1. How do A:LYS506, A:LYS71 stack up against each other in accessible area, from largest to smallest, with a 1.4 angstrom probe?
2. Answer rounded, prolate or oblate for segment B:303-360, using the Cα gyration tensor with square roots of eigenvalues a ≥ b ≥ c: rounded when a/c is under 1.5, else prolate when a/b is larger than b/c, else oblate.
3. Need one word for segment A:225-326: rounded, prolate or oblate. Basis is the Cα gyration tensor (sqrt eigenvalues a ≥ b ≥ c); a/c below 1.5 gives rounded, then a/b vs b/c decides.
4. With a 1.4 Å probe and every protein chain left in place, work out the accessible area per residue of chain B in Å², rounded to a whole number.
5. Could you grab the relative contact order for chain C? Cα pairs under 8 Å, six or more apart, rounded to a whole percent.
6. Run the accessible area of the protein assembly as shown with a 1.4 Å probe and give the carbon-and-sulfur part as a rounded percent.
7. Between B:GLU44 and B:ASP294, what is 0.36 nm times their sequence separation minus the Cα-Cα distance? Round to one decimal in nm.
8. Quote the relative contact order of chain B in percent (integer), defining contacts as alpha-carbon pairs under 8 Å separated by 6+ residues.
Amino acid sequence: MVKIFIDEKPVETKEGATIFKAAQEAGIPIPHLCYHPAFEPEGTCRMCLVEIEGVPKLELACSTQVREGMKIFTRNERVVEARKGVLEFLCAEHPLDCPICDQAGECKLQDYYEEYGLFDSQFREVKEKRRKKAQIAKNLIHDQERCVLCRRCVRFLREVTGTREMGVFERGNHTEVNILDEINIDNNYSGNLAEICPVGAITDSDFRFKTRSWFLAEGDSICPHCSRGCSVSIHYNSAFHRFPVPKRVFRVNSRTNPDINGYWICDIGRYAYPYIDKNRCDKIIFNNDNTQLSWESAIPLIAKKMRRLKDMDNTSHLAIIMNTWLTNEELFLLKKLFVDYFQAENIFFVDPPHGEADDVLLTAERTPNRKGAVEIGFDLRPLDWSELSGNTDILLIFGSFLTGQTDSGEVKTHLDKIETKILLTPHSSDLDALMDIILPTAVIPEKSGSLTNVDGIVQEFAPVLEGIGESQPEWKILIDLAKLMNADFSVKTFTSPAVILEEMGKEIAFFKKRQ
Amino acid sequence: MAEKLLTKLFDVENAHTIDIYIQKNGYRAIQKALKEMTPEQILEEVKAANLRGRGGAGFPAGVKWGFVPKTVDKPKYLCVNADEGEPGTFKDRYIMTHNPHLLLEGIIISSYCVGIHTAYIYIRGEYEVIALRLEEAIAEAYAKGYLGKDILGSGFDLDVYVHRGAGAYICGEETALLESLEGKRGNPRLKPPFPASIGLFKCPTVINNIETLANVPLIILNGADWFKQKGLPKDGGTRIFGVSGMVAKPGIYELPIGTPLKDIIFEHAGGMKKGKKLKAVIPGGMSAPVLTADEINVAMDFDSLVEAKSMLGSGAIIVIDQDTSMLEVLRLVAKFYSHESCGQCTPCRIGNAWIRKTVDRMANGAGQKGDIDNIIRVASNILGKTLCPLGDAAAMPILSITQKFREELESHIKGQG
Amino acid sequence: MSPEFSDQTKQKIAEVIARYPQKKAALLPVLHLVQQEIGHISAAEEIQLAGLLELKPIQVREVVTFYTMYNRQPVGKYHIQVCSNLSCSLLGAQSLIDYLKDKLGIDLGETTSDKKFTLTTVECLGACEHAPCMMVNFDYYGKLSKKTIDEILDHLE
């Protein structure tokens, strides 16, 4: 460790650290554009220049290593003047697009100008005219006039995806970043480009003109679309009521996690967020009767049917179709209730189909908790209708993944042979008409729990959004159901997923929390 | 008559061929270096001679060689900087054209000293004809066993290749030269790390100017003390000054370091062209701050010019007359640097273009009050803030012209002056 | 249809590549060789070279657009590049540039309709003692005047 001084404040930091990292750890922000922790420092934007006592020229914080006793000034007069100088250059060739630019409110240029600039323009010349509004990917729009040539996009496509769709062309003030000859960017990580662009030069066409960044609130969550379990940030409308809002979630951004996804998320996870708000099932539906069911009446109804099966020793007539989108806690409850207590045998898993893995983040499995299900003791049996129909009285289906997997005519034939069909799902689908009871459930951003990723990392998450309508998380439904079983088992005493996870740690070594 | 050391054979017919060169006592220096001296002894001699770089930066060659780690498990490289892009400079062209073997001797001795077995001569693309002459000289040297394996039976191997640039002044900057040699855009690199440790292909590399290396055989043959006598104790040897502009006899003049600028112009280069009066002089290539007619009594050595708030640079002297508009000079300076900026870093990329746009507007008669202050402010925001010295190379002459000739510049703005 | 390089050029390219420990370091000299044969570097040449040097075409384009000596468009049989830098301008380069524009009937950056001459300006050629200078293909001409320019152009077949 070395001891240095930043703005006269003593700071201890690792030997060989850069001034930037040391300042960051000490909570002292240093303006920067081209620097990004994922890449080696470039040192070209010149925003991070700081003063080091005894050194005549200002030096870059992003690439200069600290030495014992170094005295650094990050916002004295000389440094602020230099920052103003750089800002002035950037603004001189920057278009006045703020009113129509999506980056507004989260734009580094705006932020730094507000903090260090606030000068009137002295640029009396004609700005360079460049390409605006070019679609360079299905999801990306490129505006070269806004570009500050930090070249983060070029470095990303070189070092992360290796696809190199963008390059730096020409020289001097004609230098531009661009794709080659209209060959669009086409890889599974392109959405990250809009995130790392510090200004509005690369923007996401999915987000374009939909809302202003300052209307959005953020919440931490975990991406459920494959078993990598990347950390994400869900950006949702925090109830700005001037206009009717058709949806809550406007985008999903990546969240830095050095153990799992680093700085990035893939496009599949990034753009799948409509599943949170679209087509939601928000009411309990009872198809056989004109009576309205509520949770107070639905759970006892179902529990009674199940108890009857148990009493008649016909528990083999209970079948369950599960999936690996369920959390660790929900799967554990299901095991306790239906495997241990009910001794049911016909337990199947129906998940969305596997896809192709890539060598960056995306796994072949497209569900978040396959490993969790395995560690809890399930053998992930695929659905076999022949085992089900004929002698099944009650079928519990979790999730609507049967839609589109089996020809629904065939599904209907099998289902017609089953007396009671109960569907627990967050989404409406064509399965609904074939069900007796539909219970609306929460999606992952609306509940708490934990998921086990492909490498065995257990990640707990908290809710970001409120549940909609009558929906409830599966864990709560299962506990309520268990309470009405004629058995004295501990499940009845569980009050929250956190409590469940602790219990899991006592029973299953894998889930024992590591300090 | 000034003593000719580097330029001795320039007027001798066919001195660029190896047979004539050997006849005129050529290739004796490598005999002495490879057979009678150790690399350490060569390094000490060159250090003691105070041979400063002739490319522009003036860094002592011996010190630079000393930075290269002695033993390392990677190959080491020598890059010979023949990019000669500094406006006003043409001396290296003469060395390569008229005495390429002197250069090759310098390359061989330096490589032997540092433990280098591959040297690339990075020559500017426009010097195609000269590149061919270099290739011929190299082929002649290989044929005589002065290049290739086991040179003179010393056990030392060396390969020399010519690598042509393609029209970029910035590639004269040592790290941009390395990038260009690696087949990339000529973008200068951050320093540290320095080329002596991480250079070409991430290996230890020495980069030296043509004229610098051409002095090495002379130092080996005659010794460091002799070399210092020919110039100044702190700054040994002669320089090949290139004089151009409004003088009667533009051309190269090999003179001791420390020769007064005034003498070079009026004694050697024939003084002003007929009917012209001296207005300003650029003493060391376009990047050097301009000197007014009153300031030319300065000695042409590194320290004296720094004291005079200019620089020796490449020793290229451009003489400007009273009939030339300094606004035009400023326009040409701004045009050059904005054209040659690599575009990587914000101040140089945008600042130089900004200045060029303003000066062009002034030259078109549309200058406004405050334009000159703007130019000074922009140039000051470039100075010292850029990734590589090109920013300073642009800002310094622009600041010197706007400061020393402000009145004249303002006279071009309506309502001013 | 991408043009194949001649055997002679291919041979020279192979020789040049062998001088470097990494293939891609040969890019600048190889671009010169290709331009010598074909006259300019178009997308087709970029793709071929990228394959030869184990690069992506975009990397070749990045280099081609950085350096001024690589022609992106075809040029005339004689590419006249007049120096417009300081020493040459002091000695009258600007009026000579105007003279050439007039004489050839083209503007800077353009080629005569018989495809014989292309006219551009260039920065310092490193021959300031012979100012004003121009380079025709790779031949330097100095101490220019309208008269000597006429003579030079007349001698170019």
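1. A:LYS506, A:LYS71
2. Values: a/c = 2.47, a/b = 1.30, b/c = 1.91.
In terms of gyration-tensor shape, oblate.
3. Here segment A:225-326 falls in the oblate category.
4. Value returned for chain B: 34 Å² of accessible area per residue.
5. Averaging sequence separation for qualifying contacts and normalising by length gives 18 percent for chain C.
6. About 50 percent, which is the carbon plus sulfur part of the accessible surface.
7. Details: separation 250, 0.36 × 250 = 90.00 nm, distance 4.07 nm.
Net length gain for the segment: 85.9 nm.
8. Values: 836 pairs, mean separation 67.5, N = 417.
The value is 16 percent.
The values are calculated or read from the model by the stated rules, or taken from the named source; none is laboratory data. Note that the structure is predicted; figures quoted are calculated from it, not measured. All Cβ positions, even for glycine, are placed from backbone atoms using ideal geometry, and neighbour counts span all protein chains on display. Areas reflect the complete protein model, heavy atoms only, side chains present, ligands, DNA and RNA absent. Shrake-Rupley method; radii C 1.70, N 1.55, O 1.52, S 1.80 Å.
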